[in-house]
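Asker: I am attaching a structure below and will ask some questions about it afterwards.
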Amino acid sequence: IVFFLLLALGMSLRERTKPIVATAPAIAPQHAEKRPATAMTFLAATAAVLLSASAASGYAGLSAYRAEGNLATPLTPPAATAPWTAMAADDVGWRPSFVDPDTEILQTYSDGGHHVDLYVAYYIHQRQGAEVVHGLNSIAGVSPWERVGGGDLQVMVDGQPLDVAYTRIRSSSGHRVVLHWYWVGGQYTASPYVAKLLEVKAKLLGKVQAAAAIGLAADYEDRPNDAVHAIEDLLNHLEPIGAPLRRSAPSPSGD
């Protein structure tokens with residue numbers, strides 16, 4: 001960004017330079033032509049220095065963060081209030097597939113009539129081959145589950161409206177709805193592109209770089225909305241999901 005701003009400024013200055021009429025000796029126009037080039041060289045050098053300093057600062061912060069390498073506190077599932085209670089994860093054969101997370105959660109909640117599964121893939125810090133947004137990651141999980149539809153919708157998460165991704169999956173055992181989104185640097189988003197931008201922002205600013213993929217799933221028979229309503233009801237009775245994620249995130253400076 002710094003480089004292109006300086007480049008634009010240099011081009012602007014170059015365009016504003018008025019040609020000199022060749023009434024003086026021939027060397028005068030040659031000398032005048034060197035001015036924009038000299039300005040551009042200076043601007044480019046300045047940009048290189050600024051970029052190098054920025055990269056060094058970001059890398060130093062990232063190196064210090066990676067050296068920590070541990071959860072600040074163990075990651076635990078958020079608590080639920082009545083009528084929902086936590087129970088052993090249902091043997092539904094559904095487990096999202098994420099590449100090399102530092103820790104995972106698979107927790108089932110029940111209100112006596114419905115069951116909702118919570119999945120969290122948590123990354124202390126993202127690195128090459130272990131990223132919350134990755135081409136090999138799949139919220140649907142591995143076979144026998146397959147994606148049959150999806151979109152997005154708005155639900156209340158941690159007491160605030162949030163646009164989340166909506167995916168319908170099926171297997172020989174039945175149908176499920178999965179609502180899923182990302183938590184990166186303390187912020188929620190359902191967009192993988194925004195998640196990547198938040199990751200870069202956290203690295204450049206030396207902020208908390210912990211990230212997580214979050215999924216809530218429920219079964220349905222004929223109407224997908226039945227599963228959505230069960231998930232929404234659980235969210236209304238669930239401790240803020242972001243709370244344990246923040247507690248487990250190590251300080252970027254190792255404090």
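Asker: Given points 7 Å out from each Cα along the Cα-Cβ axis, report the R127 to N70 separation in nanometres with one decimal.
Answerer: According to this spin-label approximation, the distance is 1.6 nm.
Asker: At a 1.4 Å probe radius, which order do D163, D152, D226 fall into by accessible area, largest first? Intermediate results must be reported in sequence, preceding the final value.
Answerer: Working: D163 90, D152 120, D226 65 Å².
Putting D163, D152, D226 in descending order of accessible area: D152, D163, D226.
Asker: Another question about this same structure. At 7 Å along the Cα-to-beta-carbon direction for both Q187 and D163, put a label point, then send me their distance in nm to one decimal.
Answerer: Computed distance between label sites Q187 and D163 equals 1.4 nm.
Asker: What shape does region 113-160 have by the C-alpha gyration tensor, where a ≥ b ≥ c are the square roots of the eigenvalues, rounded means a/c under 1.5, and otherwise prolate means a/b greater than b/c and oblate the rest? Present the calculation step by step, with values, prior to reporting the outcome.
Answerer: Details: a/c = 1.81, a/b = 1.24, b/c = 1.45.
Cα axes put region 113-160 in the oblate bin.
Asker: Which shape class, rounded, prolate or oblate, goes with region 91-227 when its Cα gyration tensor gives a ≥ b ≥ c as root eigenvalues, a/c under 1.5 marks rounded, and past that a/b bigger than b/c marks prolate? Show your work: numbers first, answer last.
Answerer: On the way: a/c = 2.01, a/b = 1.65, b/c = 1.22.
Taking the square roots of the gyration eigenvalues as a ≥ b ≥ c, region 91-227 is prolate.
Asker: Rounded to the nearest 10 Å², what accessible area does R170 have for a 1.4 Å probe in the complete protein model?
Answerer: Counting only protein heavy atoms, R170 exposes about 110 Å² to solvent.
Asker: Nearest 0.05, what FRET efficiency do L204 and A86 give at R0 = 25 Å with Cβ-Cβ as r? Don't skip to the answer; put the middle values down first.
Answerer: On the way: r = 38 Å, r/R0 = 1.52.
With R0 = 25 Å, the Cβ-Cβ based efficiency is 0.05.
Asker: Given 0.36 nm per residue, what is the gain on full extension from R223 to V194 after removing their alpha carbon distance, in nm? Don't jump to the answer; show the numbers that get you there.
Answerer: Values: separation 29, 0.36 × 29 = 10.44 nm, distance 3.11 nm.
Residue separation times 0.36 nm, minus the Cα-Cα distance, leaves 7.3 nm.
Asker: Gain in length, V148 to A79, computed as 0.36 nm per residue apart minus the alpha-carbon separation, to one decimal in nm? Walk me through the intermediate numbers first.
Answerer: Numbers: separation 69, 0.36 × 69 = 24.84 nm, distance 3.12 nm.
Difference between extended and current length: 21.7 nm.
The values are calculated or read from the model by the stated rules, or taken from the named source; none is laboratory data. On a predicted model such as this, the values are computed, not experimentally measured, just so you know. No Cβ is skipped: glycine too gets one built from the backbone with ideal geometry, and neighbour counts run over all protein chains shown. To get the accessible areas, we keep the full protein, side chains included, count just its heavy atoms, and leave off ligands, DNA and RNA. Shrake-Rupley method; radii C 1.70, N 1.55, O 1.52, S 1.80 Å.
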